[in-house]
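The values are calculated or read from the model by the stated rules, or taken from the named source; none is laboratory data. The structure displayed is predicted, hence computed values, not measured ones. Here the Cβ is made from the backbone with ideal geometry for all residues, glycine too, and neighbour counts use every protein chain on show. Protein only, heavy atoms only, side chains kept; ligands, DNA and RNA dropped before computing areas. Shrake-Rupley method; radii C 1.70, N 1.55, O 1.52, S 1.80 Å.
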Amino acid sequence: MIRVAIAEDHQSLIDGIKLFLEQEHDIEVVGTANDGEALLKLVKLKQPNVVITDIRMPKLDGIEATKCIKAILPHTQVLAFTMYDQKAAVKQMLEAGVSGYLLKNSPLDEVVKAVRAVYNGHRYYDANINIEAEDNSNTKSKGVLTKRQVEILRLVAQGKTSREIANELFIGIHTVDTHRKNMIKILGLHGKGELMRFAIEAKYKFLP
Amino acid sequence: MAKDGLLPAVERLSKNASGINNLKVEVQSFGLDQRLENALEIAIFRIIQELVTNIIKHAKATHAIVHLTNHDNKLNIMIEDNGVGFDPKQLPKTTKGMGLMSIDRRVEHWEGNLTIESELGNGTTIIIDIPV
C-alpha cells in the first residue's frame, strides 16, 4: 500500500485528488494539509511514503516543507504539484529534494503514475518542463535576480511606473529602466508586459 | 584576461576589491559565455576596473554590484554602489570627474553611451551600453 499525504491550499483540489487516488487499490490517502506547517505535522505523525505538495502555500512554502521532510524522513518521496513551470521553481524544488515534478494542468491519471513512480524510487517529471535545460543553465548564468531587482519587480507588480519606482527606492529612473530591461533578458521574457505578468504572479519569489 | 576572457577577469577583480574598506563587490552576469573581441574586452575591463577603483576611493560604500548583461547586440554594464553618492552636475570640477570623463570618452569611442545616476547620500549607479 502506498501511503500518500497531500498538501495544497485549495481544498477543492485536495478533495479531487483524494477522491481519485482512493479509487486505486494500492494507494491510501493518510492525510491532507492546507499549509506547509500542517503538512510537517501530518508527515511526522503519519510517515507517508509519498507527499504530494504545492509550492506556494501559506505559513511554510513547498520548498521549505520539502527540505524539512527530507531531513526528518529521507525515505519519504516528495512530488511537487504546482502551476509554476519556470526553471527557478523547478530547480529549487529539485534542490530541496523532490523526486517528481508535475504541473497542475496535468490529468489526474498522471498524478497516479507519478505517485507510483516516485514510490518505486524513480523520478517523474512533467513532459512540459525541461530538466536537461536546467543543468545547462546553471553553468552559463546564475540566472538570479539581485535584491534590488526583486524590489523593483515587487513595485512593478503594484503597477508603478519606472519614475515612481525610482522615487521609492531612491535610485535613478534610468537605473530602474535598465534593471527592467536586464530582467526581461535574464528571465527570458518578451517585453515589459511579460515582466509585469511575471511580477504580478509573484514568480520572482521562487528565484534563488 | 587575454586567456580567460572578460567575465573571469571581472570576477577576480571583484574578489580582490572585496574586503578593502569594508566593501563587498558582487558580479551578476548574463549571457557572457561567448568571448567578445579582444580589444573590446580589454577596454571594458579597464573601464570596470576604474569604476570599481572609484568606489573604493570615494564612495565609502559597503556593497557594490557589477551587472554584465548581454543583450545580443549590446552589452549592458551597470555598476551600483550604496555609497555616499554625489551630485553628477558638479562633476567636471573635481578630479574624480576627470576620471569619469575619460571613461565617457572611451565608451563613446566604442559607440556606446554612459549614464551616471547619483544623489548625495543615496549611492551611485553607472550605466554603460556598448554595442557588441
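Every condition in (1) without any contact (Cβ under 8 Å) to a residue 24 or more places away in the chain; (2) within 14 Å of chain A (Cβ to nearest Cβ); (3) open to solvent by less than 60 Å² (accessible area, probe 1.4 Å) is met by B:GLY123 except one, and the failing one is (1).
Listed here are the residues, each with its yes/no results for (1) under 26 Å from B:LEU120 (Cβ atoms); (2) of a type in the set (D, E, K, R).
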| site | (1), (2) |
| --- | --- |
| A:LYS147 | yes, yes |
| A:ILE152 | yes, no |
| A:LEU169 | yes, no |
| A:HIS174 | yes, no |
| A:HIS179 | yes, no |
| A:LEU189 | no, no |
| A:LYS192 | no, yes |
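With respect to the conditions (1) touching a strand residue (DSSP E or B) at 6+ places or on another chain (Cβ under 9 Å); (2) within 16 Å of A:ILE6 (Cα to Cα); (3) in a helix (DSSP H, G or I), A:ALA80 falls short on a single one, namely (3). Just for the stretch B:1-56: of the residues that are among the hydroxyl-bearing types (Ser, Thr, Tyr) and closer than 17 Å to B:ILE128 by Cα, which one is most open to solvent (accessible area, probe 1.4 Å)? By that ranking, first place goes to B:THR53.
Among residues of the stretch B:7-21 that are closer than 11 Å to B:ALA64 by Cβ and in contact (Cβ under 8 Å) with a residue 12 or more places away in the chain, those with a beta-carbon under 6 Å from a residue that is assigned to a helix (DSSP H, G or I) and open to solvent by less than 30 Å² (accessible area, probe 1.4 Å) at least six positions away or on a different chain give the pairs B:ALA17/B:VAL52. Note on the stretch B:60-81: among residues that are open to solvent by less than 10 Å² (accessible area, probe 1.4 Å) and touching a residue at least 60 places away in the same chain (Cβ under 8 Å), the one that is farthest from the chain's Cα centre (by Cα) is B:ALA61. Checking B:ILE48, B:ILE56 one by one, the residue that is at pLDDT 95 or above and assigned to a helix (DSSP H, G or I) is B:ILE48 and no other. The set of residues in the stretch A:18-59 being of a type in the set (A, V, I, L, M, F, W, C) and open to solvent by 40 Å² or more (accessible area, probe 1.4 Å) consists of A:LEU19, A:PHE20, A:LEU45. As a summary of the residue check, A:ASN167 satisfies the conditions (1) open to solvent by less than 50 Å² (accessible area, probe 1.4 Å); (2) modelled with pLDDT of 90 or more; (3) not hydrophobic (A, V, I, L, M, F, W, C) except for the one numbered (1). Here B:GLY99 meets each of (1) within 14 Å of another protein chain (Cβ to nearest Cβ); (2) buried (at least 17 other Cβ atoms within 10 Å of the Cβ) with one exception, condition (1). Residue count for the stretch A:1-17 satisfying the condition of being surrounded by 19 or more Cβ atoms within 10 Å (Cβ to Cβ) and farther than 21 Å from A:VAL90 by Cα: 4. Here B:MET78 passes the criteria (1) in a helix (DSSP H, G or I); (2) within 14 Å of chain A (Cβ to nearest Cβ) except the one numbered (1).
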